[in-house]
């Protein structure tokens, strides 16, 4: 079954996942946990990609935490509502 773009978009929407009162600290904690899980899956199968993710961790977060940067980055291009 192909991925559901609507579900993917919802999953990236912090309000849908955490509610409207989520703090940046809560979102950062979840982001860090997600990256740890991804890194644990990649560390043996693709060490260079895992290293690149570690190096980019803070840069990625800086885009996610800033609504203007997030919008300008066009990360949701191609996603349908």
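The values are calculated or read from the model by the stated rules, or taken from the named source; none is laboratory data. This structure is a prediction, so every number in the text was calculated from the model and none was measured. Ideal geometry is used to build each Cβ from the backbone, glycine not excepted, and the neighbour counts take in all protein chains shown.
Here are some notes:
- Residue satisfying all of: in segment 64-78; surrounded by fewer than 12 Cβ atoms within 10 Å (Cβ to Cβ) and over 19 Å from residue 30 (Cβ atoms); modelled with the highest pLDDT among these: 68
- Members of segment 27-40 that are free of Cβ contacts under 8 Å to residues at least 12 places away in the same chain and either surrounded by fewer than 11 Cβ atoms within 10 Å (Cβ to Cβ) or in contact with a helix residue (DSSP H, G or I) (Cβ under 6 Å, 6 or more places away or on another chain) (or both): 33, 34, 36, 37, 40
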